[in-house]
Every structure is written in structure tokens, then in C-alpha cells.
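**Q** Pasting a structure here, questions to come.
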Amino acid sequence: MKISEIKFDCKHFKGEIPCKPNKLRSKVCSSCNEYEKIQTRILIIKLGAIGDVMRSTPLLHRFKHDFPSPHITWVTLTPEILPKDWIDDIYRFDFTSVYKVQNTEYDIAINLDKDKEACMLLQNVKAKQKFGFTWKDNHVSIATPHAEHKLITGIFDNISKENTKNYLQEIFEICNMEFKGESYLLNFDEKLADQFKYIKEKAAGKKIIGLNTGCGKRWQTRLWPEAYWIELIKKLQAQNYFPLLLGGPDEDEMNKKYTAATGAFYPGTFSLPQFIALSSICDGILTAVSMMMHIAIGLKKPLILFVNIFNKHEFELYGNGIIVEPTSGCDCYYGNSCSRKNHCMNDISVETVYKAIHQLV
């Protein structure tokens, strides 16, 4: 075999290691019937939080549909959440990955983050077409006019409050496409769900309602009062539901307090893949946390979402969710401290939340 016979433009080609057809079936380029020529090289830069990465995955449907035989590379801070079957190269954002990306030529490069480092990366990437946010004249800028709306709403709160587009409409628009209800693609290992079968047995046929009780440390203004959580848990138990307390390390102490007060089941904290598997056994999920929201949407679970400090139009629930918000509105847009003596989350009654759960689940 000669180097001239190597199909460097094949989707299976890995460069420094054997490709899958060679590794599994001893195929070589000169006689391989699995050759698939790369027709479009696409780079996605979405560093962001886990939830933001998850809610950008619907774009993959369109790239696969609109561009035959694409090769997709994604650069992120959370590679573990991305669907490996849909993406050819998943890179964690570090020097090695940036070096690789900057020395590769792409047909399309997209940056969906307004962070300086992400914008600088798009500015330095070699690509025939660039979409999203870039770096120009020492400041964040736009690669095409389609990104103008999203940039402006991110900079000015008063304009952001008037926005009526959801996030998916915005990012599809940035990529010069129209959102048509494309679904999330979640890296969900169904085998991991087997370890939580004992919870379904414990529920004994009752509907399992996942209660994500906290909201992390960043957005404390989204917290629902402890007394309300306890009252809701007891009401759900009385109505033959099975409340399941969910959360991460930041909610561990709080959830232990709730289980002590109500007897509601709390399985503890888990790794992200395990947490997704745990969430998959729920029949409905209540949360104020956007990451939990994205997991629920990715799993296609009925979702009840607390919204106060954010623009409710931002969220796309795919017709399978209910937004519950304070009756008096909220004065602290994207704020982590409340200007009121009586916090707006106190306006959301237990009865309102219970009715939403009962209606949806």
C-alpha cells in the first residue's frame, strides 16, 4: 500500500491511529468499501455551561440533514454531555484543542458564545463561512448580521426584557436557518438507569415526581421557600404521588433536611451521567434550574419550570412543560439579590405548583 492510496478525506480517517473499519474489520483504503468522503467540515464553538451546551445540540439535526456527509467538530468545556454518535471530534477547550482547530480548514465555523476567548477563537479559525460571535477591534463583534439581535439582547437588559424569541430560534437564526422543532440530543446511557430500578420498585406504581429543590450558588433569587417545598412534598404524598428529591452537592444538605421533615426519598448525589439516568425514571420534573430543565427536555419528561429572573420567552419547552412564575412579577432581572422585602418566589403558591404537576403528569 502506498501513501497515494490513503483516503485522507474519508470520515473514518483518524490520522495518527487506525480508523474503525481497519481496527474492527482489517480494511485498508485501497480496497475499502466503507469510504465516505467528507463534503463539509463544520466547527461548532459552544463552551458555556452544561445546560447551554445541551440546548445547542438541536443544530446537529439540521447540519446532518442540510449537508451530506459532514464532518463535525465541537469545542466545549463540557465534552461529556455531547452525543458522541453525532459528532466526529469532540474537543475540550484547552491549548491542544485550540492548536488543532486553528490549524484545520473548515467550510463552516460557528461560535455561539459571547465570551472573549470563544470570540477570539472564531476570529483566528480558517473557514469559508463564519457565523455567530467573533472578535474585532478589541471587542466582541458579529460574524454576520444574523447575530446582531442575540448580541444586543445580551448587552442591554431593557432590550432583553422585550425579546420574544426563544433561545433555539435565536441560534438557528444566527446560523442562517429556521428552527423547526428539532429535538435535543442528550448523551444518555440507558444502562445506567438500571441501578435506579429499586426506586421504581419503592414507588410501587405511583407517579414519580422529581423535585430539583435548589438552584446552585449563582442564582439564589430563584429559590422557592423551604416551607413551600415541605408543604408540596406532603401534598404530593397525600395525593398518591412519589416525590423524589434531586440535586447536586449544593443541595445535599437541603435535601437531607426535606427528607427528614417529610420522609420523601432522597438517593443522594451522583456524577452527571448517573444524574441523567436517575432523572430518566421520573414521570415529571419540577425545577428552577436551567441545567435540570435541559436534562428533562432532553429526556422528553413533562416539566414544570419556575421562572422569575429570566425572560420566559427564552425557554422552548416543546409543548411538554408549564412555566410557573410569581403573580407579582420580578424586579431583579438576571439578578442574584432581591430588592424586595418579600421575595417574589414567595408569591408562587403550593397549590399553583401542585395544580401544574397534576395537570401535566
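**Q** Just checking, how many residues over segment 39-77 are surrounded by fewer than 19 Cβ atoms within 10 Å (Cβ to Cβ), outside any strand (DSSP E or B) and among the β-branched types (Val, Ile, Thr)?
**A** So the count comes out to 1.
**Q** Moving to a separate point now. Considering only residues that are of a type in the set (Phe, Trp, Tyr) and modelled with pLDDT of 95 or more, which ones fall in segment 165-181?
**A** Residues of segment 165-181 that are of a type in the set (Phe, Trp, Tyr), as a first pass: 167, 172, 179.
If the condition is that a residue be of a type in the set (Phe, Trp, Tyr) and modelled with pLDDT of 95 or more, then Phe172, Phe179 are the ones that fit.
**Q** Another question about this same structure. In segment 110-120, which residues are part of a strand (DSSP E or B) and over 20 Å from the mean Cα position of the chain (by Cα)?
**A** none
**Q** Among helices (runs of 4 or more DSSP H) lying entirely in segment 209-295, which contain 2 or more residues that are touching a residue at least 60 places away in the same chain (Cβ under 8 Å) and over 20 Å from Ala193 (Cα atoms)? Don't jump to the end; show me each part of the working.
**A** Details: elements: 226-238, 252-262, 272-279.
Filter on segment 209-295 gives 226-238.
**Q** Here is a list: Tyr184, Tyr99. Which entry is aromatic (Phe, Trp, Tyr), modelled with pLDDT of 95 or more and assigned to a loop (DSSP other than H, G, I, E, B)? Can you show your working first?
**A** Working: Tyr99 fails: assigned to a loop (DSSP other than H, G, I, E, B).
Going through Tyr184, Tyr99 in turn, the sole match is Tyr184.
Residue-wise test of (1) under 17 Å from Ala277 (Cβ atoms); (2) buried (at least 19 other Cβ atoms within 10 Å of the Cβ); (3) not hydroxyl-bearing (Ser, Thr, Tyr).
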site	(1), (2), (3)
Leu192	yes, no, yes
Tyr198	yes, no, no
Leu211	no, yes, yes
Gly214	no, yes, yes
Asn240	no, no, yes
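The values are calculated or read from the model by the stated rules, or taken from the named source; none is laboratory data. What you see is a predicted model, and the numbers here were worked out from it, not measured in a lab. Cβ coordinates were reconstructed from backbone atoms using ideal geometry, including for glycine residues, and neighbour counts include every protein chain displayed.
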